[in-house]
1. Could you grab me the full set of residues in the stretch 56-89 that are touching a residue at least 40 places away in the same chain (Cβ under 8 Å), over 17 Å from the mean Cα position of the chain (by Cα) and open to solvent by less than 30 Å² (accessible area, probe 1.4 Å)?
2. Ser105 is checked against (1) out of contact with any Asp or Glu (no Cβ under 7 Å at 6 or more places or on another chain); (2) open to solvent by less than 80 Å² (accessible area, probe 1.4 Å) and fails just one. What number does that condition carry?
3. Might you check whether a residue that is more than 17 Å from Pro3 (Cβ to Cβ) and of a type in the set (A, V, I, L, M) occurs anywhere in the stretch 124-135?
4. I'd like to verify a number: residues in the stretch 79-117 that are outside any loop (DSSP other than H, G, I, E, B), among the aromatic types (Phe, Trp, Tyr) and closer than 16 Å to Thr22 by Cβ, how many?
5. It is to be established whether one or more residues within the stretch 7-23 are closer than 30 Å to Ala161 by Cα and open to solvent by 40 Å² or more (accessible area, probe 1.4 Å).
6. So in the stretch 120-143, with the set limited to residues that are farther than 18 Å from Ala73 by Cβ, at pLDDT below 95 and out of contact with any Pro (no Cβ under 6 Å at 6 or more places or on another chain), which one is most open to solvent (accessible area, probe 1.4 Å)?
7. Let me confirm something: among Phe124, Phe102, which residue is touching a residue at least 60 places away in the same chain (Cβ under 8 Å) and within 19 Å of the chain's Cα centre (by Cα)?
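The values are calculated or read from the model by the stated rules, or taken from the named source; none is laboratory data. These numbers were taken from a predicted model, which means no experiment stands behind them. Virtual Cβ from ideal backbone geometry, glycine too; neighbours counted across all protein chains shown. Areas reflect the complete protein model, heavy atoms only, side chains present, ligands, DNA and RNA absent. Shrake-Rupley method; radii C 1.70, N 1.55, O 1.52, S 1.80 Å.
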Amino acid sequence: ADPLKISAAVIFGMNAAGFVGTALTHTHKLTDITGTGAFVASSWATCAALLLHQRAVAPNKPLPLRPIILTAAVTLWGVRLGAFLLHRIMTSPEDNRLSKFFPKSGELPIRLAGFWSIQATWAFVTLLPVTLACRRPPPAAIARLGALEAAALAAFALGLACEAVADAQK
């Protein structure tokens, strides 16, 4: 299966469900957890499709490490950020920045649908490097990790730590 199609289906599907939930409940408490959840779910779905394909066509070859590591990184980031944002919105009133997207009495929720469409598009585009890493990899992608991957993991860990510290200071 094409990881681009899988990613689009997961991200746009989850954001469509978020739109419906938000439109019905008139609360933005679903926004952040749906957004970060879509990143994690899409990366898992595309990586799983790749690994299933790999096992089917080459059962004795090692699994590709790069997509697995990228999926793990997206998962760590999404769980950390999603938990922070969910805690923040649950312990505070509505997010006033998003109130303007709710329809007034008698209006259709067009602005709200636009908000969710932009969020889905942003997630899909932002996740493209991970999604494309989950395409059927060339043999080099199955090799063990080297210095470049170690440096990338260190940069990820540093960025994740900085983001967590910044969020803790809010």
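1. Pro64, Ile89
2. (2)
3. Looking through the stretch 124-135, none of the residues is more than 17 Å from Pro3 (Cβ to Cβ) and of a type in the set (A, V, I, L, M).
4. From the stretch 79-117, those outside any loop (DSSP other than H, G, I, E, B) are 79-90, 96-101, 110-117; that's our starting set.
Restricting the remaining residues to those that are among the aromatic types (Phe, Trp, Tyr) gives 84, 101, 115-116.
When the remaining residues are screened for being closer than 16 Å to Thr22 by Cβ, the result is 101, 115-116.
So the count comes out to 3.
5. Just the residues of the stretch 7-23 that are closer than 30 Å to Ala161 by Cα, to begin with: 7-8, 10-12, 14-15, 18.
Keeping just the survivors that are open to solvent by 40 Å² or more (accessible area, probe 1.4 Å) gives 12, 14.
Within the stretch 7-23 (the criterion being closer than 30 Å to Ala161 by Cα and open to solvent by 40 Å² or more (accessible area, probe 1.4 Å)), the answer is yes, since at least one residue qualifies.
6. The qualifying residue most open to solvent (accessible area, probe 1.4 Å) is Arg136.
7. Details: Phe102 fails: within 19 Å of the chain's Cα centre (by Cα).
That would be Phe124, the only listed residue that is touching a residue at least 60 places away in the same chain (Cβ under 8 Å) and within 19 Å of the chain's Cα centre (by Cα).
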